[in-house]
Amino acid sequence: MKINSNGWLKIIILILITVATILFTLPYVQNYRAAQLKLNEATIFQSEIPDKIPTTEYIHSLNLRDMLDIKGQNKNVIGRILIPSVGLSDDIYVGLTNGNLGIGAVTMFPYRTPQRHNIVLLGHNVGFTAIHFGVLKRVKLKNTIYMQYLNHDYQYEITSIETIKETEIGRVADTKYSQLSLVTCSAPTTTSNRLLVQARLVKELQKDNDNNLIRSIVDETTKKNRHELDVEMWRAIWLPILMIIVGYGVIITIVLGIMNNQKIKRRK
């Protein structure tokens with residue numbers, strides 16, 4: 001079957017519109033993958049720093065390839081970071097890699113200990129407040145942070161919330177007192193600014209006396225995180241994808257309608 005010039009033009013326009021639609025949809029597919037990893041995360045808590053730590057990688061914003069490559073990553077974690085007031089619940093990994101940052105927070109200096117050091121945790125801001133450290137923009141001074149770390153449990157209180165430059169490495173330097181520093185990008189896009197949340201150690205929770213407290217904090221925060229994730233999946237993934245699909249159909253209909261009308265006019 002021979003295709004005339006008008007037919008080829010239709011095909012080219014359809015391909016261009018389809019490619020543009022796919023490109024618009026990819027960020028939402030990426031967010032879905034990140035949410036899926038969060039929901040299906042299977043972890044085994046370790047009580048010691050592993051003998052072999054993954055080689056540090058150049059860290060970049062997560063993309064869909066990262067999300068797909070994460071499958072099969074090492075699921076061993078050394079703890080969990082919890083902020084009940086905003087529903088943050090993230091596992092803590094060892095090894096500054098894009099894979100680890102795709103599924104949780106990473107301790108930047110694994111050989112520092114919480115008792116008399118500055119523990120620095122790095123997490124991605126993917127634009128979701130229910131996934132990783134994007135939620136840090138909602139924390140407030142004096143909010144409580146709980147950290148499970150190498151089989152110990154700690155309670156912190158937020159003392160400062162600042163936006164700094166990525167070059168200000170000194171802001172996460174070690175200390176001779178117990179401090180927790182949470183670091184993420186100030187926006188889900190590429191930026192040279194970092195959000196730095198720091199907290200002081202209030203106390204180490206005793207497993208024998210505080211078992212029920214620790215369990216309830218983990219359960220309540222995880223439940224809140226899952227609820228917010230479900231809401232955000234509809235608001236920030238499914239609804240935009242549905243709108244893109246509907247828009248795709250409308251644009252195709254309009255373009256083909258215009259081309260058909262022009263064809264009819266030329267025949268007249």
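No lab work stands behind these numbers, since they all come straight from the coordinates. If you're wondering where the values come from, they're calculated on a predicted model, not measured in any experiment. As a convention, Cβ positions derive from the backbone with ideal geometry for all residues, glycine included, and neighbour counts pool all protein chains shown.
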Discussion item. Using 22 Å as the Cα-Cα cut-off, could you pick out the over-long pairs in LYS140/LYS165; LYS137/LYS223; LYS140/LYS203; LYS142/LYS203; LYS52/LYS207?
Written reply: LYS52/LYS207
Worksheet item: Under a straight-distance cross-link criterion of Cα-Cα below 19 Å, which aspartates and glutamates are reachable from LYS224, leaving out those fewer than 8 residues away in the same chain?
Response: GLU41, ASP90, ASP91, GLU232
Response to the item:
For segment 42-225, whose charge dipole is built from +1 on Lys and Arg Cβ atoms and -1 on Asp and Glu Cβ atoms, the candidate among PRO188, THR56, VAL77 with its Cα farthest towards the positive end is PRO188
Practice prompt. Within segment 139-164, which residues have the backbone N less than 14 Å from the label spot 7 Å out from LYS207 along Cα→beta-carbon, could you tell me?
Written response: 148-154
Practice prompt. Based on a Kirkwood Rh over C-alpha pairs, give the Stokes-Einstein translational diffusion coefficient of segment 42-225 at 37 °C and viscosity 0.692 mPa s in µm²/s.
Written response: 199
